[in-house]
């Protein structure tokens, strides 16, 4: 009987340690917008994708159309002003704003499924480029301050 109880306590101790380690790892980031690792996907774009140019870059209507598409498809996760939300990181972050249009198009097209971003390849290509135009029009934010909140640049 004592062996059975000892085994039970060992299991409880192991689970407690595992849960404590998981909680510690999860508290390293206050929100998706403040975790620089979420932007690592940008670096995974193939060279051919990175070098693509936005065919709508000079289209004056592309930004407005992209804004409407953002409201319909992206704001729920990335926030109404693209500063990040409960599910998605800030799209005003320097990492996103410095990415090439081709990189953003590639990421929109392929998503980041393991982080919860859907694949948008079924959205027509011109609409994906409109989203890129909109994202590139956003004002970047400063890095997060000590309170973890990002602030728009003046």
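The values are calculated or read from the model by the stated rules, or taken from the named source; none is laboratory data. Here the structure is a predicted model, which means the values were calculated and not measured. Here the Cβ positions follow ideal geometry from the backbone for every residue, glycine too, while neighbour counts run over all protein chains shown.
Looking at (1) crowded, with 18+ Cβ neighbours inside 10 Å; (2) at pLDDT below 95, which one does residue 135 not meet, given that it meets all the others? In the conditions (1) crowded, with 18+ Cβ neighbours inside 10 Å; (2) at pLDDT below 95, residue 135 misses (2) alone. In the set (1) outside any loop (DSSP other than H, G, I, E, B); (2) surrounded by fewer than 16 Cβ atoms within 10 Å (Cβ to Cβ); (3) at pLDDT below 95, residue 87 fails one condition alone, (1).
Listed here are the residues, each with its yes/no results for (1) loosely packed, with under 13 Cβ neighbours inside 10 Å; (2) at pLDDT 95 or above; (3) part of a helix (DSSP H, G or I).
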{"residue": "70", "(1), (2), (3)": "no, yes, yes"}
{"residue": "114", "(1), (2), (3)": "yes, no, yes"}
{"residue": "122", "(1), (2), (3)": "yes, yes, no"}
{"residue": "143", "(1), (2), (3)": "yes, no, no"}
{"residue": "147", "(1), (2), (3)": "yes, no, no"}
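Any chance region 37-58 includes a residue that's in a helix (DSSP H, G or I), at pLDDT below 85 and over 20 Å from residue 133 (Cα atoms)? Checked region 37-58: at least one residue is in a helix (DSSP H, G or I), at pLDDT below 85 and over 20 Å from residue 133 (Cα atoms).
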